[in-house]
Amino acid sequence: MPVSRILALLAALALPLGSAQALTWDETINGDLSGDGTAPTLLGTLSSGDNLISGTMGSLNGTGPLDADIWNFTVASGYDLTGINLTYYKAASGSLLNESFMAIATGGSIDQNDPSNHLSNALWGYGQDSFGNTYTDLLALLDAGPAFGGIGFNGPLTPGNYTFWIQEGSDQINYKIDFVTSPVPVPEPGSLLLLGVAGLWTLRRRRR
Ligand SMILES: [Ca+2]
Ligand SMILES: [Ca+2]
Ligand SMILES: [Ca+2]
């Protein structure tokens, strides 16, 4: 097969996910995200790169019903979830000590009463570094957890279906979170070929 045809085939394989539009959910446009762990808002398959979720949760001055936000998403095969980055976090009270709760579970629901099946959970918000700065790397916080019981995980989250829950108990929080997916690194065909050649060479040397 000519090299040009191989390159064309590789480009075609990379296209379907790479060209997808970024997924966004903005509560001011798309409506409040579900507060029910057994019926999360279904966001579908995350796009390659950035996926932006923004909204409001908790309650003003801790009074009235607490708004939890819970959503379900899929990480496509061939991709990892490599980042959950907090890009905006503001408490209505102006507090810089606020800490909210988050949890993630595999599958289509998350238990809001029993954390034992949570993949992880942790606190997040301004309080994390004691200097009033927002702790932005939520995936690292979850990786370091679970803080309240659960299963635990290490490194990027592999392809599959997940449910994510955020909750605030004493304030109203405006937030924006970026879920980042990246192609799973695979050895390039060229380096595979080199490995094969090197392997043969080693084998022949051993046989001499
Ligand atoms: Ca909300
Ligand atoms: Ca909600
Ligand atoms: Ca871990």
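The values are calculated or read from the model by the stated rules, or taken from the named source; none is laboratory data. Remember, predicted model here, so these are calculated numbers, not experimental data. Cβ coordinates were reconstructed from backbone atoms using ideal geometry, including for glycine residues, and neighbour counts include every protein chain displayed.
The residues of the stretch 141-178 that are under 17 Å from GLY83 (Cα atoms), among the charged types (D, E, K, R) and away from ligand 3 (no atom under 16 Å from the Cβ), listed by number, are LYS176, ASP178. Taken over the stretch 102-135, the criterion of being modelled with pLDDT under 95 and surrounded by 16 or more Cβ atoms within 10 Å (Cβ to Cβ) is satisfied by LEU123, TRP124, GLY125, TYR126, GLY127, GLN128, THR134, TYR135.
The single condition from (1) within 16 Å of ligand 3 (Cβ to nearest atom); (2) under 21 Å from LEU42 (Cα atoms) that LEU86 fails is (1). For the stretch 84-96, the criterion of a residue being buried (at least 16 other Cβ atoms within 10 Å of the Cβ), modelled with pLDDT of 95 or more and not in a helix (DSSP H, G or I) is satisfied by at least one position.
Here is a yes/no grid of residues against (1) surrounded by 18 or more Cβ atoms within 10 Å (Cβ to Cβ); (2) assigned to a strand (DSSP E or B):
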position: THR28; (1), (2): no, no
position: GLY35; (1), (2): yes, no
position: ALA39; (1), (2): no, no
position: LEU43; (1), (2): yes, yes
position: SER47; (1), (2): yes, no
position: SER54; (1), (2): yes, yes
position: ASN61; (1), (2): no, no
position: TRP71; (1), (2): yes, yes
position: SER77; (1), (2): no, no
